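Down below is the structure, laid out as structure tokens.
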Amino acid sequence: PVWWLPAWLREMCTRLMRGFVVDGASGSVMDVPVPEPAEGEALVRVLVAAVCATDIEIMKGYMGFKGIVGHEFVGVVETAPASHAHLVGKRVVGDINLCCWDAASCGTCAVGGARARNHCPKRTVLGILNKDGTYCERLTLPVVNLHAVPDGVSTENAAFAEPLAAAFRIAEQRVVSPKDREA
């Protein structure tokens, strides 16, 4: 399709993708660089990106987020570290909370383990806090945050994994216990 372009321009075009970029209370679709996976990360091609109320609030200026919005998605792993090569070509969903796992820095993750990931003071949150999100063609996430979608689950249904996980997370936190009584 772009064979007629000069080589330098073809190369540049392959390093760009379309993304919905929010800057405060405004946003637009634009060409942005394809992200480069850091150590321990996979490059994921987005198949489906869902919209939730948080995304709409961010687009209105909530939290002053600047970047690519969105956090509910299904994608296909394009590249992964050798230790997770089995994920390449697989459909995945992702845990949106990226914590530091650095026991020396704050200890939250080391003490609380996986349950503390939402409270890590150094965390980033996909499409919400300091990490570009899913309203784009490709994204990067740590492989530990990726979960393979079973073959019997449709891509459209798998897009509900994040809101379902959020609902279960509320129950995990035991906000209300059987001994609590209404005042």
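The values are calculated or read from the model by the stated rules, or taken from the named source; none is laboratory data. Quick caveat: nothing in here was measured; it's all calculated off a predicted structure. So basically every Cβ, Gly included, is an ideal-geometry build from the backbone, and we count neighbours across all protein chains shown. Remember, those area values only see protein heavy atoms, side chains included, never the ligands or the DNA or RNA. Shrake-Rupley method; radii C 1.70, N 1.55, O 1.52, S 1.80 Å.
Return the residues of segment 29-40 that are among the small types (Gly, Ala, Ser) and open to solvent by less than 50 Å² (accessible area, probe 1.4 Å); say none if nothing qualifies.
Going residue by residue through segment 29-40, those that are among the small types (Gly, Ala, Ser) are 38, 40.
Answer for segment 29-40, where residues must be among the small types (Gly, Ala, Ser) and open to solvent by less than 50 Å² (accessible area, probe 1.4 Å): just Gly40.
Of everything in segment 15-42, what is within 10 Å of Ile68 (Cα to Cα) and β-branched (Val, Ile, Thr)? Give them in sequence order.
Val21, Val22, Val29, Val32
So, in segment 49-73, of the ones that are among the charged types (D, E, K, R) and over 10 Å from Leu129 (Cα atoms), which residue ends up surrounded by the most Cβ atoms within 10 Å (Cβ to Cβ)? Full working, then the answer.
So in segment 49-73, the residues among the charged types (D, E, K, R) come out as 55, 57, 60, 66, 72.
Now restrict to residues that are over 10 Å from Leu129 (Cα atoms): 55, 57, 60, 72.
Values: Asp55: 24, Glu57: 13, Lys60: 12, Glu72: 26.
Among residues in segment 49-73 that are among the charged types (D, E, K, R) and over 10 Å from Leu129 (Cα atoms), the one surrounded by the most Cβ atoms within 10 Å (Cβ to Cβ) is Glu72.
What is the residue count in segment 118-148 for residues that are open to solvent by less than 40 Å² (accessible area, probe 1.4 Å), within 14 Å of Arg45 (Cβ to Cβ) and not β-branched (Val, Ile, Thr)?
Initial filter on segment 118-148 (open to solvent by less than 40 Å² (accessible area, probe 1.4 Å)): 118, 120, 124-128, 131, 133-136, 139-143, 145-146.
From what's left, within 14 Å of Arg45 (Cβ to Cβ): 134-136, 139-141, 146.
This time we only want the ones that are not β-branched (Val, Ile, Thr), so: 135-136, 139, 141, 146.
Going through segment 118-148 one residue at a time, the tally reaches 5.
Please count how many residues of segment 23-61 are in a helix (DSSP H, G or I), free of Cβ contacts under 8 Å to residues at least 24 places away in the same chain and among the hydrophobic types (A, V, I, L, M, F, W, C).
Initial filter on segment 23-61 (in a helix (DSSP H, G or I)): 53-59.
Filter again for free of Cβ contacts under 8 Å to residues at least 24 places away in the same chain, leaving 53, 56-57.
Going one step further and asking which of them are among the hydrophobic types (A, V, I, L, M, F, W, C), we end up with 53, 56.
The qualifying residues number 2.
Identify the residue in segment 149-164 that is open to solvent by 60 Å² or more (accessible area, probe 1.4 Å) and hydrophobic (A, V, I, L, M, F, W, C) and, among all such residues, is modelled with the lowest pLDDT. I'd like the intermediate steps shown before the answer.
The initial filter retains those residues of segment 149-164 that are open to solvent by 60 Å² or more (accessible area, probe 1.4 Å), namely 150-152, 156-157, 160, 164.
Imposing the further condition that a residue be hydrophobic (A, V, I, L, M, F, W, C) reduces the set to 160, 164.
On the way: Phe160: 92, Leu164: 85.
Of everything passing the filter in segment 149-164, Leu164 is modelled with the lowest pLDDT.
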